[in-house]
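J.: Once you've had a glance at the structure underneath, I'll fire off some questions.
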Amino acid sequence: MRLPGRYDGVARPIVTYGSNEVLHRPCAPVTEFDERLRRLVLDMFASMREADGVGLAANQIGVDARVFVIDCPDARGEDVVGYVVNPSLTLLEPVDGEPAEEVTEEGCLSVPGPYADLARAFRARVDGVDVQGRAVSIEATGMAARCLQHEVDHLDGVVYVDRLPEETRERLLAEAAGPQGELPA
C-alpha cells in the first residue's frame, strides 16, 4: 500500500475550519481509479509533509473524495505509512492488556496551532482499496490508531474540535484564528 515516489506530488494549501464546506460534510466515495486518483494521493502525501502533519484527508486540501494518507508512529514507535481509498473504520478490542481507549492530545492541520485532550480507541483498523481498486487494510495502535480515526472522521465531515465540549471548541477555534480573528485559508 506504499506508493512509489509518494512524496513526489505537489503540496496544496490546507483547508482550514469554516473556510470550505467540503471540510464539514461527508466526502463522496471514489468511483474512478485512474491517474488523477494516483496524482491526488501523491499530492496528499506532499501536502501532509509540507504542513508537518502525520495524516491528511482529501477534503483537507479541498477535494471531495474518500481518501486519506498517513505517516504516523504506532504505540511501539514504528511508522505506519500508507493510504486508503473509500475506508471503513473498525474500532478493535484491546489485546494483551492494552487499554480500550487512550486520552491524549490531538491537533489538526485544519485547526492550526491548538491541541486538546480527546479519548480515542487505542486499537483501530481501516479497510478499503488502493489506487488500483485492490483491497487494503491498515491496523494500528496508539497514535497511528488515533490518526486512522481522525482521518476517517474528516471524511465523514467531522473535525476533531467538533467532538469537544462547545466551550473548549470555541476557545480552540479562537486560538487558531489568531489576533485577526480569522483562520488562515
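J.: Output yes when any residue across the range 94-112 is among the acidic types (Asp, Glu), open to solvent by 60 Å² or more (accessible area, probe 1.4 Å), assigned to a strand (DSSP E or B) and more than 30 Å from residue 178 (Cα to Cα), and no when none is.
T.: Yes; the residues of the range 94-112 include at least one that is among the acidic types (Asp, Glu), open to solvent by 60 Å² or more (accessible area, probe 1.4 Å), assigned to a strand (DSSP E or B) and more than 30 Å from residue 178 (Cα to Cα).
J.: Also, I was wondering about something else. Go through 93, 98 for me and flag whichever is in contact with a Ser or Thr (Cβ under 8 Å, 6 or more places away or on another chain) and without any contact (Cβ under 8 Å) to a residue 60 or more places away in the chain.
T.: Answer to the check: 98.
J.: Same structure, new question: Step by step: first the residues of the range 126-177, then only those that are touching a residue at least 60 places away in the same chain (Cβ under 8 Å), out of contact with any helix residue (DSSP H, G or I) (no Cβ under 7 Å at 6 or more places or on another chain) and in a loop (DSSP other than H, G, I, E, B), then the one that is most open to solvent (accessible area, probe 1.4 Å). Which residue is that?
T.: Of everything passing the filter in the range 126-177, 132 is most open to solvent (accessible area, probe 1.4 Å).
J.: Give the residue, chosen from 90, 104, that is modelled with pLDDT of 95 or more, in contact with a helix residue (DSSP H, G or I) (Cβ under 9 Å, 6 or more places away or on another chain) and polar (S, T, N, Q).
T.: 104
J.: I need the full set of residues from the range 21-67 which are within 15 Å of residue 109 (Cα to Cα), open to solvent by 50 Å² or more (accessible area, probe 1.4 Å) and touching a Gly at 6+ places or on another chain (Cβ under 7 Å), in order please.
T.: Once the filter is applied, which keeps residues that are within 15 Å of residue 109 (Cα to Cα), open to solvent by 50 Å² or more (accessible area, probe 1.4 Å) and touching a Gly at 6+ places or on another chain (Cβ under 7 Å), the range 21-67 yields only 24.
J.: When residue 125 is evaluated against the numbered criteria (1) under 18 Å from the mean Cα position of the chain (by Cα); (2) of a type outside the set (A, V, I, L, M, F, W, C); (3) on the phi > 0 side of the Ramachandran plot, which criterion, by number, is the only one it fails?
T.: Going through the list (1) under 18 Å from the mean Cα position of the chain (by Cα); (2) of a type outside the set (A, V, I, L, M, F, W, C); (3) on the phi > 0 side of the Ramachandran plot, residue 125 breaks only (3).
Residue-wise test of (1) more than 19 Å from residue 147 (Cβ to Cβ); (2) under 13 Å from the mean Cα position of the chain (by Cα); (3) in a loop (DSSP other than H, G, I, E, B).
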{"site": "8", "(1), (2), (3)": "yes, no, yes"}
{"site": "13", "(1), (2), (3)": "yes, no, yes"}
{"site": "30", "(1), (2), (3)": "yes, no, yes"}
{"site": "33", "(1), (2), (3)": "yes, no, yes"}
{"site": "47", "(1), (2), (3)": "no, yes, no"}
{"site": "65", "(1), (2), (3)": "no, yes, yes"}
{"site": "69", "(1), (2), (3)": "no, yes, no"}
{"site": "75", "(1), (2), (3)": "no, no, yes"}
{"site": "81", "(1), (2), (3)": "no, yes, no"}
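The values are calculated or read from the model by the stated rules, or taken from the named source; none is laboratory data. Here the structure is a predicted model, which is why all the values come from computation and not from measurement. We place every Cβ from the backbone using ideal geometry, glycine too, and count neighbours over all the protein chains shown. All accessible areas refer to the heavy atoms of the entire protein, side chains included, with ligands and DNA or RNA removed. Shrake-Rupley method; radii C 1.70, N 1.55, O 1.52, S 1.80 Å.
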